[in-house]
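Below: one structure, written as structure tokens.
The values are calculated or read from the model by the stated rules, or taken from the named source; none is laboratory data. Since this is a predicted model, take the numbers as computed values, not measurements. Note: ideal-geometry Cβ built from the backbone for every residue, glycine included; neighbour counts use all protein chains shown. Heavy atoms of the whole protein, side chains included, go into the accessibility calculation; ligands, DNA and RNA do not. Shrake-Rupley method; radii C 1.70, N 1.55, O 1.52, S 1.80 Å.
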Amino acid sequence: MQKLIIIPTYNERENIEAMVAKVFSLEGNFSLLIVDDGSPDGTAAIVKGLMPSHPDRLFMIERSGKLGLGTAYLAGFRWALEHGFDYIFEMDCDFSHNPDDLLRLSAALDEGADVVVGSRYVKGVNVVDWPLGRLLLSYFASRYVNVVTRMPVRDATAGFVGYRAEVLRTIDLDRVKMKGYGFQIEMKYSAWRLGFKIKEVSIIFRDRTAGTSKMSGSIFGEAFWGVLGLRFRRIRRA
């Protein structure tokens with residue numbers, strides 16, 4: 001199986017080189033696609049400097065400006081499908097998602113899952129170093145999604161996810177509306193409504209130790225109102 005990890009970046013110069021090195025140290029022959037939104041701190045330049053050392057495994061899409069997490073992943077998904085990858089993973093650059101867990105997510109796809117979620121909440125609450133307020137907001141956001149959509153996913157807002165290519169070909173990516181963290185909910189909901197099997201794998205999520213968070217109130221606002229609309233949206237195949 002050809003495996004691709006998509007990592008969106010904006011001002012991640014403190015993390016990117018270590019992340020690239022870690023990913024390429026893993027078993028499983030993962031490739032890596034960086035989607036950089038015009039980082040003013042030079043993140044893209046660092047990636048370009050690393051690409052000659054990994055000519056067949058490290059790729060980059062450069063975009064002009066901060067266009068949103070969801071659109072970055074959609075660009076990455078389309079690139080992955082065009083280049084024939086079978087398993088497509090998404091994760092953060094800041095090591096809040098442990099790259100070692102990619103092996104367990106990949107194994108879950110091997111075992112028959114169509115979508116695998118690195119879940120903070122499937123076995124209790126596995127979050128380290130988050131302020132209590134942010135933890136409660138995240139936890140109850142997922143519970144809110146469960147109530148409104150009835151989707152049986154404990155960590156609906158998770159951003160550590162693996163997809164079979166078939167799922168991304170089937171979802172009409174042109175109809176995905178949300179750009180922030182609501183995008184994560186919308187993708188899982190679309191896959192579930194289309195009959196794909198979603199499995200959650202328990203992970204430990206750690207707050208970033210370098211760089212700055214991209215979280216904002218507007219991101220949560222989009223997710224809150226967007227989820228209400230999902231219940232009434234017709235989910236079509238591409």
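The charge dipole of the chain, taken about its Cα centre with unit charges on the Cβ atoms of Lys, Arg (+1), Asp and Glu (-1) only, comes to about 1120 debye. For the chain, carbon and sulfur atoms together expose 52% of the accessible surface, with a 1.4 angstrom probe and every protein chain in place. Considering only Phe205, Ala165, Ala191, the residue lying farthest towards the positive end of the dipole of the range 142-213 is Ala191, judged by Cα position with unit charges set on Cβ. Among Glu90, Glu12, Glu222, which one shows the highest mean-square fluctuation when the chain is modelled as a Gaussian network with alpha-carbon springs under 10 Å? Ranking Glu90, Glu12, Glu222 by mean-square fluctuation puts Glu222 first. Would the chain count as rounded, prolate or oblate if I go by the C-alpha gyration tensor, calling it rounded below 1.5 in a/c and otherwise prolate when a/b exceeds b/c, oblate otherwise? It is rounded, given that a/c, with a ≥ b ≥ c, falls under 1.5. For the listed residue pairs Lys22/Lys177; Lys66/Lys197; Lys22/Lys197; Lys123/Lys197; Lys123/Lys177, the alpha carbons are over 23 angstrom apart in Lys22/Lys177; Lys66/Lys197; Lys22/Lys197; Lys123/Lys177.
Within the straight-line cut-off of under 19 Å between alpha carbons, the aspartates and glutamates reachable from Lys179 are Asp36, Asp37, Glu62, Glu90, Asp92, Asp155, Glu222, sequence neighbours fewer than 8 places apart in one chain being disregarded. For the chain, modelled as a GNM whose springs connect Cα atoms under 10 angstrom apart, the maximal fluctuation among Arg134, Arg63, Arg104 occurs at Arg134. Label sites at Leu103 and Lys177, each approximated as a point 7 angstrom past Cα along Cα to Cβ, lie 4.2 nm apart. Classify the range 1-84 as rounded, prolate or oblate, taking a ≥ b ≥ c as the square roots of the eigenvalues of its Cα gyration tensor: rounded when a/c is under 1.5, otherwise prolate if a/b is larger than b/c and oblate if not. It is oblate, given that a/c is not under 1.5 and a/b is not larger than b/c.
What you get for the range 70-134, charging only the Cβ of Lys and Arg (+1) and of Asp and Glu (-1), is a dipole of about 300 debye around the Cα centre. Considering helices alone, the calculated mean residue ellipticity of the chain at 222 nm is -11500 deg cm²/dmol, with DSSP H runs of length four and up weighted by -39500 (n - 2.57) and normalised per residue. Only one residue of Tyr73, Met91, Tyr121 has its Cα farthest out toward the positive end of the dipole of the chain, where Lys and Arg carry +1 and Asp and Glu -1 on Cβ, and that residue is Tyr121. For the chain, find the longest principal axis of its Cα atoms and tell me its angle to the long axis of helix 16-25, 0 to 90°, nearest 10. The angle comes out at about 90 degrees.
To the nearest ten degrees, helix 217-230 and the longest principal axis of the Cα atoms of the chain are 50 degrees apart.
The relative contact order of the chain comes to 23 percent, based on Cα pairs under 8 Å that sit 6 or more residues apart.
Extension gain for the segment Asn29 to Lys197, taken as residue separation times 0.36 nm less the Cα-Cα distance, is 58.0 nm to one decimal. A Förster radius of 41 Å, combined with the Cβ-Cβ distance separating Ser53 from Phe232, puts the computed FRET efficiency at roughly 0.25.
Would you please classify the overall shape of the range 1-44 from the alpha carbon gyration tensor, given that a ≥ b ≥ c denote the square roots of the eigenvalues, rounded means a/c under 1.5, and beyond that prolate means a/b larger than b/c while oblate covers the rest? Oblate, because a/c is 1.5 or more while a/b does not exceed b/c.
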